[in-house]
Amino acid sequence: MYPTREPPQLPAFNFGRKTLPEEREYTVTTWIQGMQNFDRIGPQLGQSSRDCLLPPDTAHITPTRAEYYTGPEYFGRRRTPSFGGRSPLRSTKRLYNSVSMSAPRVLARLPVSEQLVWVGIDEPTRVYRPRSSRSWSSLSSGSTLLNNEKYDVTDLDDDFGDFHEEYAGLCATQEQLRALQTRYPLPSIPGEKYWKSLWYRHITAYRWLMAIVLLSNLLVMTTVAATATGANLLTTTLMRQEHVINFFYHLACALPRRTPLGVRKFAARLTYNYGGVHAGSAMSALLWYVVYAILVSRDFHGTNAQVKAVSAITAGIVVLFVALTVLSHPSIRRRYHNQWELSHRYGGWTAVALVWPLAETLLHLPTFYFLVAITICLLYPWLRLKRLPVSATYLSTHATRLNFTDRTIPTCRGIRLARNPLLENHGFATIPHAPPLPPNNLKTTQASSSDPEKGYTILISNAGDFTRTLIHSPPSKIWLRGAPTTGVMRLSSLFRPLVIVATGSGIGPCLSFLNTHHGHPLRVLWSARCPAKTYGNGVVREVLRADPRAVVVDTGAVGCARVNLVGLAFALVREVGAEAVMVISNPKVTGEVVFGMERRGVAAFGAVFDS
Ligand SMILES: Cc1cc2nc3c(=O)[nH]c(=O)nc-3n(C[C@H](O)[C@H](O)[C@H](O)COP(=O)(O)OP(=O)(O)OC[C@H]3O[C@@H](n4cnc5c(N)ncnc54)[C@H](O)[C@@H]3O)c2cc1C
C-alpha cells in the first residue's frame, strides 16, 4: 500500500508486527494472481482502489506473508525480504520480471475477506505487463467495454421510482458486444463428431454417478434384499437432506486455493451432481424391492389373512416405487412439475408409512435402522416449518424482491417457500445483504460498520401462478420449510478469475455470491430485458459493485436472437484468463453455455434442474 501523495515508505509497513498504519488513506491496486502462467488481471490505467472495489475492511487486514521489491535493487539481493512464509524467491522473480522495472514498488500478499489476493502498491497510473501472451496489456489498452465506473454504487437500497433512468447507457450496444467478440473470437468446435457431442451433452457427471451407484448395486453380492433396499432408500433420502448437501459443498469449497485446477473442477463437478446419486440409489432401491417382493411371496408363511396383507403391502409399495420413478423422468417432471412434486412427497411418505407396520419383522435387520433414519429425514423439514413475516419491494410487473429479517444467511443458500406448505414448495435463492461501503471507500472503517445488516432478500420473477401472485399481491407472511440449502453458485469460490453468466432473474443466485465475495476476481455477463427497469436499481448497483465492468445486455434493445451468450462468455474468459464459467439461466441457455464452453476446453457449471 502506498500513501496517496508520498513516495513509498517501506519502513511504514511493519509486517513483522503484523500491523498496517490504519490512519492513512491508501491507493490500492489489486492484482489477482492467476493460477496458470502467472496471468494477472487489473488494474486498469488510472484505476484506484474505489474502482477496484476492494472490500472496505482491506485496510484492517494484517498480512500473513508479505513480499516487497524495490526495483533495480532486487538484482543485488539473493533473497527478497519476506515475512512469515516460505521463500518467495521463485515466484518473486517471475512476478518481478512480469512488471515494468522502472519504479520502486511494493507488493503484499494479503488475505482479503476469505481469499488471498495480490495487492500491488504503486502509483495508480502504472500499467503492468505480464510475460504471458494472454496479457492484460491488451486488457489495459482500452478493453474496458463499458464505462460503468461512472455509476454510483454506494447506495444499494435504492430500488424505487424511475431511477433506472440513471442507468441509461449502462447496457452494451450491439457494436460493443461485437467488438468484444471480435477481439476474442469464438473458435469453432474442433471436429464436431457425434460421439463428442454425445459425451459432452449426455454423458454428464450426473449420469456417471447414477450409473456408478446402479452398477455397484449389481456387483454387491447380498442375499438380503431388504437391507439393500433400505440402504438405497436411505442414500436416496440423504441426497436430498439439506445438511448433507451443505456438507458436500462445504467439503468441496474447503479445498485450498493452491489445489490443482483439475482437482477443483472434479470436486465441483462431483458436488453439484449429487442428484445423480439420489437418482441411482432410488432406481436401485426399486430393483432391490422387486427382488424382495418376489422372495417374500415365495417364502412367507402365515395365515391366509397374513399372506394377503403382506402381499398387498409389498405390491402397493412396488406400484408406488414404479410410479415415483417413472414420474421422475426429466421430460415428465419438467412438464408436470407440481404434480411430480406432490406425487414424490406423498408417494414417499406413503411408502414409508406402509413399511412401518412390518417394522417388528425387520427389527433384527439393519433395514429397521435405515427406516428410522429415513423417517427422521422426512420429518426434519416439517419440524423446521415456520411462518415468516415478509415485506415486498415491487420492482416491475415482471419482478419483485421479498425481504426477510428473521436471520442472516450464509452465501449461496436456497430456501423453500409456500403459501400452503402441504400443497406446494418453491425454491428460491437467497441474497444476503452486501456490507455497506464506507462513505469514502478509501478510508478505513470500523469492522463492525461493514457488517451486513441482518436479513436477506430473494429476487422473484414472474414464472407462473405462485410468483405472479407474489409480485402483484404479496403476502405479509409466508411459510418456509426446512433449512437453507447450498446451491451451485457456492462453487464459484473455487475458481479465480471466474466468469458469471446470468439471464433474467438468474442474477438473483449470482448476487448471493457477489454480495458476499467482494474482491473475488470475476466478470459478470448479465442478459435481461430492460435490466434496471425490470429488476430495479438495487440489483444493478450490486452487480456493478461486484464487477464495475459488468457486461449488461438489454435484450429489449439489442434483441435476444442477436445475443451470442456463448461467444460473449468465451470472450470474457479470454479477457481475464478465467478458470471457469458459472451460469444461472433457464435449462436451454444453461445447456448451451455449458456445452459451448466445455467443448472449447473451458470448465463450465450450471444447475442440473433435477428437483
Ligand atoms: C440455481 C438457480 C436458482 C434460481 N433462483 C431463482 C430465484 O431465486 N428467483 C427466480 O425468480 N428465479 C430463479 N431461478 C430461475 C432462473 O432465474 C430463470 O430460469 C432464468 O434466469 C430465466 O429467467 P426468467 O424466468 O426471467 O425468463 P427467461 O425467459 O428464461 O429469460 C429472461 C431474460 O433472459 C434473457 N435471455 C433468455 N435467453 C437468452 C439468450 N439465449 N440469449 C440472451 N439473452 C437471453 C432475455 O433478456 C430474457 O428476457 C433460478 C434458477 C437456478 C438455476
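Observations
- Residue 208 versus residue 420: modelled label distance in nm, points set 7 Å from Cα along the beta carbon direction: 4.4 nm
- Pairwise label distance in nanometres, residue 261 with residue 557, each label 7 Å out on the Cα-Cβ vector: 3.3 nm
- Stokes-Einstein translational diffusion, the stretch 486-578 - Kirkwood Rh over all Cα pairs, 0.890 mPa s, 25 °C, in µm²/s: 184 µm²/s
- Cα-derived Rg over Rh, computed across the stretch 196-383 with Rh taken as Kirkwood radius: 1.02
- Residue-span extension gain [residue 406 to residue 291] - 0.36 nm each, minus C-alpha spacing: 36.6 nm
- Accessible surface area normalised per residue over the stretch 196-383 is 56 Å², counting heavy atoms of protein chains with a 1.4 Å rolling probe.
- Carbon + sulfur, % of accessible area of the stretch 196-383 - ligands and nucleic acids excluded, 1.4 Å: 74 percent
- For the stretch 267-376, the calculated P(r), taken from all Cα-Cα distances in 5 Å bins from zero up to the bin holding the longest distance, is 2, 10, 17, 23, 19, 13, 9, 5, 2, 1, 0 percent.
- Calculated FRET value between residue 476 and residue 382, using beta carbons and R₀ = 22 Å, to 0.05: 0.45
- Annotation: amide H-H contacts under 5 Å for residue 391 (H modelled 1.01 Å from N, sequence separation of 5 or more, or interchain): 403.
- Under the Karplus curve 6.51 cos²θ - 1.76 cosθ + 1.60, θ = phi - 60°, whole-Hz ³J(HN,Hα) for the stretch 538-543, x wherever Gly or Pro sits: x, 5, 4, 5, 5, 5
- Projected label points at residue 359 and residue 244, each 7 Å from Cα along the beta carbon direction, are separated by 2.0 nanometres.
- Among 231-241, 393-403, the order from most to least packed when residues are scored by Cβ within 10 Å on average: 231-241, 393-403
- Residues residue 609 and residue 218, FRET efficiency given R0 of 30 Å [Cβ-Cβ distance, rounded to 0.05]: 0.60
The values are calculated or read from the model by the stated rules, or taken from the named source; none is laboratory data. Everything quoted here is computed from the prediction, not taken from an experiment. No Cβ is skipped: glycine too gets one built from the backbone with ideal geometry, and neighbour counts run over all protein chains shown. When the accessible area is computed, the model is the full protein with side chains, heavy atoms only, and any ligands, DNA or RNA have been set aside. Shrake-Rupley method; radii C 1.70, N 1.55, O 1.52, S 1.80 Å.
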